[in-house]
Each structure stands twice: as C-alpha cells, then as structure tokens.
Amino acid sequence: AAAEVAAAVASSRLLPEGFKAAGPPARPLLEDAKEGAALVGRRLMYNWPGHGWCEGQIKERNTKKGLKIDGDAVNFLVHYPVDDDTSRHVLSLDTYASDECAPPNSWFLLEEL
C-alpha cells in the first residue's frame, strides 16, 4: 500500500523536491503523547479545505487535554511556511491519504529520498 501511495503522489506533482510520501505512522505515534514525540520535526502534506495540499512541519505534540476540534482532541501543532502560521490538528490514520482525490483534511508524512 505504501508503494501505491508513493506512486499516486509522485504522479500528482504535489511533493516538494527531494521528498517522497512515507507510509502511515504506527497508531501509538498518533495516540500516545510519549510515542508521538517521535513525529515532532517530521514534514507532512495537509489537504486544506478550499486550498488544497500544503507542506508543513510538525512542531509539537499537544499535551493539553482540553484542546479540541469538533470534539476531537488535538494531537499535533503544525507550522506551515506558506502563511508562516502554526495550526492545531487532529491527525489520525483514518484521514491518512495522499492522492489528488483525497478529501479535505487528509494528510500524509514526507520522507527524504
């Protein structure tokens, strides 16, 4: 499946130069605060509603229990160079997708070639 994701993304020309789509992270990296620290510093692509795919970098793991989006606990803060802003996200395996037809709020990790 990871090879199919990488091929779909590569053909869509969404990727920053020198990067490829990475396979999805293990569930504990998204759900456990201690494990999730391993994703800090990783780059990702996020499909913003109305704007499309944008590159960002995971800046920190949220540890504040009350920080929520539509009732779901925010798990990561991601910085986007395109507008020099940091956004709150609920990154889950359910929304991990990378093709051009992926729905808004989809995301995937990047890894260097």
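Quick notes
- Matching residues, the stretch 21-40, being exposed (fewer than 13 other Cβ atoms within 10 Å of the Cβ) and either acidic (Asp, Glu) or in contact (Cβ under 8 Å) with a residue 24 or more places away in the chain (or both): ARG27, ALA33
- CYS54 free of Cβ contacts under 8 Å to residues at least 60 places away in the same chain and either open to solvent by less than 60 Å² (accessible area, probe 1.4 Å) or aliphatic (A, V, I, L, M) (or both): yes
- Filter result (part of a loop (DSSP other than H, G, I, E, B), among the charged types (D, E, K, R) and more than 25 Å from LEU14 (Cα to Cα)) within the stretch 41-78: LYS64, LYS65, ASP70
- In the stretch 98-113, residue farthest from the chain's Cα centre (by Cα) [restricted to those that are part of a loop (DSSP other than H, G, I, E, B) and touching a residue at least 60 places away in the same chain (Cβ under 8 Å)]: LEU113
- Members of the stretch 66-113 that are open to solvent by 90 Å² or more (accessible area, probe 1.4 Å), touching a strand residue (DSSP E or B) at 6+ places or on another chain (Cβ under 7 Å) and under 22 Å from ALA33 (Cα atoms): ARG88
- Which numbered condition SER12 misses (of (1) modelled with pLDDT under 90; (2) open to solvent by 50 Å² or more (accessible area, probe 1.4 Å)): (2)
The values are calculated or read from the model by the stated rules, or taken from the named source; none is laboratory data. The structure presented is a predicted model; accordingly, all values stated were derived computationally and were not measured. Using ideal geometry, Cβ is built from the backbone for each residue, glycine included, and neighbour counts are taken over all protein chains shown. All accessible areas refer to the heavy atoms of the entire protein, side chains included, with ligands and DNA or RNA removed. Shrake-Rupley method; radii C 1.70, N 1.55, O 1.52, S 1.80 Å.
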